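The values are calculated or read from the model by the stated rules, or taken from the named source; none is laboratory data. In this text the structure is predicted, and so the values were computed from the model without any measurement. Every residue, glycine as well, gets a Cβ built from its backbone with ideal geometry; the counts of neighbours run over all protein chains shown. For accessibility, only protein heavy atoms count, side chains too; no ligands or nucleic acids. Shrake-Rupley method; radii C 1.70, N 1.55, O 1.52, S 1.80 Å.
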Amino acid sequence: MSAFVALHSVRLLLLLVVWGALDVGSSSSSTPAADTSTAQNPNQETTSSNGIFSQGASTSAPRSVTQAPILPFKKYNLTMKDSPKDSVLKTIILQSPAELELLCSLVLKPSVNVEEIEVVWKKENETIKNDRIFKNESKNSWCSRHEVNVTTRDQLGSYTCVYKTKPEEVNSTFHLQVPEPHGKSERIISYVGDFVVLACLVGSETHQYNPSSWVWYTKNGSEQVAINTTLMPEKYTITQEHANMTKLKIMGLSEEDTGVYSCEAVFPLGARKGEVSLKVLTYMTPLKPFLAIAAEVVLFVAVIFAYEACTKKKEFQVEVEKEFEQTETLKTEDSNGVENSTRQRKV
């Protein structure tokens, strides 16, 4: 009996222990998520409704900060002398966004004594910056800079620095543009019924540019129409072996295919076009010069024959006239001889 009571007491004790453990687990799991985050980040910065940063508990998830992409930095310099004739134009080719520093330097003669020079920077014809440069240690060297982040097509174009020197202003220009494509052959000649391949490329062996895409255009009157190979697969095929080259294959040529075709290279900063001229001829076209020459030869020979015939006719007429004169002369001589003999007999 005592053993049964002891066993029952042990079971009751185990039930109490299990119940206590379950109670502790449920109380800890019911703690709010905000409290947990507060315990983990007690010094987290939050933004109040008036925009001022404060420290304390946060009931919202932390915001993700998106950083602007880092642009490649490029530096360009133009140096000119104090004469309008020394104005310089520098073309800068950009195929992707970049951070530019444009330096415009002016070298004055040692005899020129000025304390300061006003410099005006212009984008096309619009003034974007006024700068004043004071004399430095070199005394005759002046430099003005303009920084620009080129991220859109609108930021391309001409940037001009104008030095307000006396008696005449001196200026130089940085021209920003995307790479320009050009046809591998400016003019191609083919024949009706044949096919032709027009090729466009951008860059050179030393400067490789990779446009994001290519578009071919053909002219319909005065308008340019994009060539859609999916609508006319039997007529056009566009291939691209390399990123900097595109090819347009035109099949079943006719005289209506004669014209100028444009290839457009698309870059992140904009697009530019190149042109290829196509002339479609019939097979009789190359024979036209030969036929013209043959006609001239035939005409020349005909003139020669006509001239010879006319000459022979004149010679024949002259011979007939001579024979006639000779005959008349003989008749006259014969008649004169008869008359003379008759007179002698009468005497």
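Some observations on this one:
- A single entry from Y217, Y283, Y307 fulfils the requirement of being of a type outside the set (G, A, S) and crowded, with 17+ Cβ neighbours inside 10 Å: Y217.
- Scanning the range 179-197 finds one or more residues that are open to solvent by 40 Å² or more (accessible area, probe 1.4 Å), on the phi > 0 side of the Ramachandran plot and in contact (Cβ under 8 Å) with a residue 40 or more places away in the chain.
- Within the set V225, V215, the sole residue that is in a strand (DSSP E or B) and closer than 27 Å to V150 by Cα turns out to be V215.
- Among the residues listed as Y159, Y163, the single one being open to solvent by less than 50 Å² (accessible area, probe 1.4 Å), at pLDDT 95 or above and aromatic (F, W, Y): Y159
- Check on A243, surrounded by 14 or more Cβ atoms within 10 Å (Cβ to Cβ), at pLDDT below 90 and of a type outside the set (S, T, N, Q): yes
- Where K85 falls short, out of the listed (1) part of a strand (DSSP E or B); (2) among the basic types (K, R); (3) surrounded by fewer than 16 Cβ atoms within 10 Å (Cβ to Cβ): (1)
- Scope the range 97-114; condition closer than 30 Å to S212 by Cβ and open to solvent by less than 50 Å² (accessible area, probe 1.4 Å); matching residues: P97, A98, L100, E101, L102
- Test: residue in the range 166-178 that is part of a loop (DSSP other than H, G, I, E, B), surrounded by 16 or more Cβ atoms within 10 Å (Cβ to Cβ), at pLDDT below 95 and not acidic (D, E): no
- One residue from E234, E275, E264, E241 being of a type in the set (D, E), more than 26 Å from T152 (Cα to Cα) and not in a loop (DSSP other than H, G, I, E, B): E241
Let's see how each residue does on (1) part of a loop (DSSP other than H, G, I, E, B); (2) over 14 Å from Q155 (Cα atoms); (3) modelled with pLDDT under 85:
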site: S96; (1), (2), (3): yes, no, no
site: I128; (1), (2), (3): no, no, no
site: N136; (1), (2), (3): yes, yes, yes
site: C143; (1), (2), (3): no, yes, no
